1. If a residue must be surrounded by fewer than 19 Cβ atoms within 10 Å (Cβ to Cβ) and farther than 16 Å from Arg270 by Cβ, how many such residues does segment 348-370 contain?
2. In segment 21-40, is there at least one residue being within 16 Å of the ligand (Cβ to nearest atom) and either farther than 28 Å from Gly194 by Cβ or buried (at least 23 other Cβ atoms within 10 Å of the Cβ) (or both)?
3. So, in segment 294-332, how many residues would count as being part of a helix (DSSP H, G or I), at pLDDT below 90 and in contact with a helix residue (DSSP H, G or I) (Cβ under 7 Å, 6 or more places away or on another chain)?
4. What residue, of Thr262, Thr250, is under 26 Å from Asp196 (Cα atoms) and not hydrophobic (A, V, I, L, M, F, W, C)?
5. Identify the residue in segment 199-221 that is within 20 Å of Val155 (Cα to Cα) and not hydroxyl-bearing (Ser, Thr, Tyr) and, among all such residues, is farthest from the ligand (Cβ to nearest atom).
6. Quick one: how many residues across segment 167-195 are within 16 Å of the ligand (Cβ to nearest atom) and in a loop (DSSP other than H, G, I, E, B)?
7. Return the residues of segment 370-385 that are hydroxyl-bearing (Ser, Thr, Tyr) and either assigned to a helix (DSSP H, G or I) or under 16 Å from Leu285 (Cα atoms) (or both); say none if nothing qualifies.
8. If the requirement is being without any contact (Cβ under 8 Å) to a residue 24 or more places away in the chain, among the aliphatic types (A, V, I, L, M) and surrounded by fewer than 22 Cβ atoms within 10 Å (Cβ to Cβ), which of these qualifies: Ala260, Ala267?
Amino acid sequence: MIYLDAAATTPVRREALEAMWPYLTGDFGNASSHHELGERARTALEAARADVARVLGCRAGEVTFTSGGTEADNLAVKGIALARRAADPRRTRVTVSAVEHPAVLESARSLARLHGFAVDVVPVDSAGRVTPETFAGAIGPETAVASIMYANNEVGTVQPIAELAEIARAARVPFHTDAVQAAGALPLDVRELGVDSLSISGHKVGAPKGVGALYVAGRVSVEPLVDGGGQERGLRSGTENVAGAVALATALRLAEQERATTAPRLAALRSDFVGRVLELVPDALLTGDAENRLPGSASFCFPRVSGESVLLELERRGIVCSSGSACAAGSSDPSHVLLALGLDAETAQTAVRLTLPTTITDGELAESALALAGAYAAVVGIART
Ligand code: PLP
């Protein structure tokens, strides 16, 4: 099997598994316990926090461990909006882009539904980019938080985050970015990006599912969403997932160390792959930004055929990928991301997303391009008969 669905999830890397093992077995203590086992767990948790902070270029106290990217996005969007409005009652609006992951979009909708916020949705251009001008027009003195993703999970488009964050800062609007897909592929230094808040998820970078982290600048207030024993400086109650945090820190640190070699290698392989697919299937349409895209992301529409049918044919040929985001898999609705790019609903149903793991080889991609062409021909043949 050739796995081309790295944006959905990645396998746990051996180093992460080995690093977490002691905290699942011998050193299994609760980080809040005052005996020796608790102390060891606490020490490991704080070392993991410091490791994550080093990658993000922030202070350890600005990192909160969560159950994943979804929770980190919820905490940022809802937590910052609620705290900001509590401090300044005029701040009753939230701004998000039209192509955000549901973790952000639904957080904004929940703020509207349950807390009376208004949501401003920033449109994107046909490449999936939020332009600085449209963003500037979508924030103002009533905005409690703005959230624009670093890189899109369906079409791979990378946003000009530093530029957008600068605009938000000038307007005194707290700026969050969902960097779940960017981690391991793009620079994550929060000071260079100029963001107030940034979320990451373990299982996209070689740590297990169910752990993530949120950076929030010390100067920004956040209303906690989970109440309880006051762990994570009161921001996220619940007994800490020490093993998960250790695995996340290990995988993130290694992904960051390797980024200088993996990112250009993947980008070159991806470009060749896209070229091969477009040559073999001239009808295929590359979606997302041809230049500003994640190194390992190739996404297409195959007009007039169902993306799901192409996927089934591809799987029969030993290639696994997805039609859009894993979260939307199984849904028959066209992707909100592709609609936001201006594609019609019919074309949006023909999407196939191939996202490359760092271990992929040129040979595997050559095979995959041929398989994709074969799968497409099979579906077109079926459609004609
Ligand atoms: N944000 C983006 C851009 C994602 O791609 C994902 C996962 O697919 C998430 C958030 C959610 O992360 P998690 O699966 O850790 O909850």
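The values are calculated or read from the model by the stated rules, or taken from the named source; none is laboratory data. Every value quoted in this text rests on a predicted model; they were computed, and no experiment measured them. Cβ sites come from the backbone with ideal geometry, for glycine too, and all protein chains shown count toward neighbours.
1. The number of residues fulfilling the criteria is 1.
2. No, that holds for no residue.
3. Qualifying residue count for the region: 1.
4. Thr250
5. Val205
6. Total meeting the criteria: 10.
7. The answer is Tyr376, and nothing else.
8. Unique residue meeting the criteria: Ala260.
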